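These notes are about the structure you will find just below.
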């Protein structure tokens, strides 16, 4: 008699499956995940990328297709007898002056005129974005670089080095910057404004120099505090025991830990420098026409704010959105670099 044994095992449907391997996430992967959760920061980053593309790519492309540049003067773009710029979406004659004999073509002013000289508001906003972004970005790079260097020296070496740098920080903090700017503009303004290094716009070098000289002390104080705590960590002591030099410890062991505060503070400082450029240009101490900037565009607004309100609103909205975007990006980066944030 043959006995048949059924060796097939039935597994219930609700039985737990085998555990899946969990992929380890690196430091930057966790930062990216936390950053993507902040929708405002992501939108702000997209707006900033769009702003850079519009300024440095869209500006020249728009000037090419419109057939005129941001500094071209059209006397026919002035309404007579009110002597006010034409409004948005106006076709302007290319004649050298109103009612000039002959046949001339027309060009489009998408956002109307910018001032009493008949320049194009649309192109001046785009090219003004180039100026403001150049000032904001390069000022931030130089001031943060100097601040990181000085703060790292003060925090690591302490002693007399810390004392000298701390006193220098205090001197820069209380120095009357506005008086210095006025004196610099009067004495060396025209000479410095003509320094372009082959790629900067006129006047940008002057503001980058000013903001770098008077903007490095705050990042220096931040980096000094961070380095003071890091220099007592075990990995720094281990590096000393292996014979690493002070410069190697600062470069290879301390500097990587400063990346997070550097990125966060830099994103916020760009917005502050853009506002600083707009303010100085508005009172005549920054970018000088015919070079376009958002600040000197706003300087024309008091003349026409009752009749041509777009001259006030357009550059003002551009400055507002840009500074909000950089500040929201900074807030998002600060939260993303915080390891206490939940994934």
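Points worth noting:
- Residue in region 98-112 that is farther than 30 Å from residue 258 by Cβ and within 25 Å of the chain's Cα centre (by Cα) present: yes
- Residue match in region 296-304 (condition: surrounded by fewer than 17 Cβ atoms within 10 Å (Cβ to Cβ) and over 19 Å from residue 39 (Cα atoms)): yes
- Qualifying residue in region 325-337 (condition: over 18 Å from residue 140 (Cα atoms) and part of a loop (DSSP other than H, G, I, E, B)): yes
- Residue 307 more than 22 Å from residue 226 (Cα to Cα), in contact with a strand residue (DSSP E or B) (Cβ under 7 Å, 6 or more places away or on another chain) and either assigned to a loop (DSSP other than H, G, I, E, B) or at pLDDT below 85 (or both): yes
- Of the residues in region 287-295, none is surrounded by fewer than 24 Cβ atoms within 10 Å (Cβ to Cβ) and more than 15 Å from residue 127 (Cβ to Cβ).
- Screening 205, 217 for residues that are under 20 Å from the mean Cα position of the chain (by Cα) and over 30 Å from residue 124 (Cβ atoms) leaves exactly one candidate, 217.
- Output for region 61-74, where each listed residue is part of a helix (DSSP H, G or I) and surrounded by 15 or more Cβ atoms within 10 Å (Cβ to Cβ): 62, 63, 66
The values are calculated or read from the model by the stated rules, or taken from the named source; none is laboratory data. A quick note: this is a predicted structure, and the numbers were derived from the prediction, not measured. Don't worry about glycine lacking a Cβ; one is built from the backbone with ideal geometry, like all the others, and counts go over all protein chains shown.
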